[in-house]
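Data block below; observations after.
The values are calculated or read from the model by the stated rules, or taken from the named source; none is laboratory data. In this text the structure is predicted, and so the values were computed from the model without any measurement. Every residue, glycine among them, receives a Cβ derived from its backbone with ideal geometry; neighbour counts consider all protein chains shown.
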Amino acid sequence: MFEASRLHKRFGQHVVLEDVSLRFEAGRLSGIMGPNGAGKTTCFNLLTGRYAPDRGKVTFEGRDITGLPPRAIARLGISRSFQVMNLFDDYSALDNVRVALPEVRARGFSMLGAFRGETDVLARVGLAGKEHVQAKSLSYGDRRALEIGVALAARPRLLFLDEPTAGLGTEATARIARLIAELKRSITIVMIEHNMDVALEFAECITLLHFGEVIVEGTRAEVVDNPRTREVYLGH
Amino acid sequence: MLLRTIGGWAPAPMLVTFALFASLPFWIKGVGLYPYLGVEVMIWIIYALGFNLLLGYGGLPSFGHGAFFGAGAYGFGLAQFHLAPNLWLCLAAAVLAGGLAGALVALFVSHRRGIYYALLTIAFGQIFWFVSIKWHSVTRGEDGLLNIKRPAFLDDLNSLYWFCFAVFVLVVVLLWRLVNAPFGRVLSAIRQNETRARFVGYHVWLYKWLAFVISALIAGLAGGLFALAQQSAYPNVMSLHQSGFVVMMALVGGGLISFWGPVIGAALFFLARDLLGAYTEAWLLWYGLLFMAIVLFKPEGLAGLFHVRSKPAA
């Protein structure tokens, strides 16, 4: 479904990704793991168009999307959430997801029409009853859920989640975990996750990055059993 | 349902504004002022509301917007002198002149934000101002275009007032719709988070460009009305301090939090000019102090005092 081959990215003299190849199959939840500074978010940024790779190729359903801008990639049915919250803070929760609806986007240049669109996304992410609360007034956990909600509102076929449980406590993490469990039944997901428990619980296949390179790849069991995983995470 | 539809097109502050200006000719002399003030205020409200589409809704600080107001004024006069003395043609030329100038400038500024955006717009504003002074054969230099004629049916002040009122109503209703339509809401979303807007599929540059062009079209229309009312067009309207006035109107009134901010700001500006100006020539000093006080103590502007909930963003 989605393939990246031999991606390379450097910022100045600093090589962030080196020869990274990835493949995400439809209907699965794939995880990208790695310690801080491994290049996970840069990898996401290359795959979703925030940066163009210096070398390498990205294809989605057979189509070359290397270097396409984020808006073009989003319109192909690829959506993403962010590790650092990226919401429309002055808008209500409902308007946050409305802006992302494909039918609203299609009428984006309408200058006299109504700004409306029906969606059940807020209920799905556990924000029912908070439709009219400004995004900036929501609790941290609710904002995390809304972050995913905005990505979901675009009705993606492929969803990239960048550390969806970052900064959350146990209870809020469990809530997001339940949401991911529900989402993975209907959407192909690629997830960066720092929380090993969450990543190992959901990811059917995992890629482990370290210093910008893929060092282990495989199923959950294969990655857990690989000595290099222990080396990276436990130092022995 | 009907009430909701009416509310969507004409909310209470709009009706109050229209009622105020519709009744103004009947009471303005009674409070010691004069009806032409109403014409001036309506023209500047049109200008300031168009300007606030950029500043309040797009978060785009265009500090040289006088260029487009001036382009409209010159467009009106030049069309009358060189094409035909037809009101509609001249107004169309004014709108077109403002829009074309805006489209050109927006090509260069729309990929910028913040201070760079502001500086570029100031630079372009200065270029237009300079050209209007130096291109004597077309603009007649510092004297500007004099003896612009009003059509016979607008020759008396009363007719001019009601004509400007009709245009004012049309512009306010259309702009209100625009900021609440998908275009305005997306523009506001871009102001709040440009990155996210890109990642949900919006062509951010195009929205910013288009917002600038619409704002310049409206500035051009206001400039055309100004030329019609003043019967002249001159470089001063393009100067930096004149561009600054519209910024002050939008900010003092509360354009950052309310559609109606520029209405309050423009009305207050002209009232200050005439009421404070009756006592002191240095009225701008006092107005400037008011501006500073608002920036320091009520940065959301006077609209914040009324707890206006019609935020650009909400």
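Going by what's in this entry, would B:Phe270 be described as under 29 Å from B:Lys29 (Cβ atoms) and surrounded by 13 or more Cβ atoms within 10 Å (Cβ to Cβ)? Judged against the criteria, B:Phe270 is a match. Taking segment A:84-137 and the helices (runs of 4 or more DSSP H) fully enclosed by it, the elements with 1 or more residues that are facing another protein chain (nearest Cβ under 10 Å) and either of a type outside the set (Phe, Trp, Tyr) or touching a Phe, Trp or Tyr at 6+ places or on another chain (Cβ under 8 Å) (or both) are at A:93-100, A:102-106. For A:Ile189, the conditions (1) free of Cβ contacts under 8 Å to residues at least 60 places away in the same chain; (2) under 19 Å from A:Glu3 (Cβ atoms) are fulfilled apart from (1). Can you confirm whether B:Val246 is touching a residue at least 12 places away in the same chain (Cβ under 8 Å), away from chain A (no Cβ under 14 Å) and either over 30 Å from B:His136 (Cβ atoms) or not polar (S, T, N, Q) (or both)? Yes: the conditions hold for B:Val246. For segment B:191-216, a residue qualifies if it is buried (at least 20 other Cβ atoms within 10 Å of the Cβ), in a helix (DSSP H, G or I) and at the interface with chain A (Cβ under 7 Å from one of its Cβ atoms), and the qualifying residues are B:Gln192, B:Arg196, B:Arg198, B:Phe199.
Out of all the residues in segment A:18-33, is one or more over 19 Å from A:Ile187 (Cβ atoms), surrounded by fewer than 19 Cβ atoms within 10 Å (Cβ to Cβ) and free of Cβ contacts under 8 Å to residues at least 40 places away in the same chain? Spell out the reasoning first.
Of all residues in segment A:18-33, those over 19 Å from A:Ile187 (Cβ atoms) come to A:18-21, A:33.
Applying the additional criterion that residues be surrounded by fewer than 19 Cβ atoms within 10 Å (Cβ to Cβ) yields A:18-19, A:21.
In the following step, the residues that additionally are free of Cβ contacts under 8 Å to residues at least 40 places away in the same chain were identified as none.
No, that holds for no residue.
Restricting attention to segment B:273-307, the residues that are in a loop (DSSP other than H, G, I, E, B) and either under 20 Å from B:Val31 (Cβ atoms) or of a type outside the set (D, E, K, R) (or both) add up to 7. The residue that is surrounded by the most Cβ atoms within 10 Å (Cβ to Cβ), among those in segment A:142-182 that are away from every other protein chain (no Cβ under 14 Å) and part of a loop (DSSP other than H, G, I, E, B), is A:Pro164. B:Ala267 meets the stated requirement of being in a helix (DSSP H, G or I), under 21 Å from B:Tyr34 (Cβ atoms) and among the aliphatic types (A, V, I, L, M). The lone criterion from (1) modelled with pLDDT under 95; (2) over 17 Å from the mean Cα position of the chain (by Cα) left unmet by A:Ala4 is number (2).
Among the residues of segment A:154-202, how many are at pLDDT below 85 and in contact with a Ser or Thr (Cβ under 6 Å, 6 or more places away or on another chain)? Qualifying residue count, segment A:154-202: 2. When restricted to residues that are out of contact with any helix residue (DSSP H, G or I) (no Cβ under 7 Å at 6 or more places or on another chain) and of a type in the set (Asp, Glu), segment B:174-209 contains 0. Residues that are over 12 Å from the mean Cα position of the chain (by Cα) and either hydroxyl-bearing (Ser, Thr, Tyr) or closer than 30 Å to A:Met85 by Cβ (or both) do not occur anywhere in segment B:214-230.
Looking only at residues of segment A:63-83 that are under 20 Å from A:Thr42 (Cα atoms) and of a type in the set (A, V, I, L, M, F, W, C), we find that the one that is nearest to the other protein chains (Cβ to nearest Cβ) is A:Ala74. If you filter segment B:163-190 down to residues that are under 21 Å from the mean Cα position of the chain (by Cα), more than 7 Å from chain A (Cβ to nearest Cβ) and under 30 Å from A:Ile78 (Cβ atoms), you find that the one that is surrounded by the fewest Cβ atoms within 10 Å (Cβ to Cβ) is B:Gly184.
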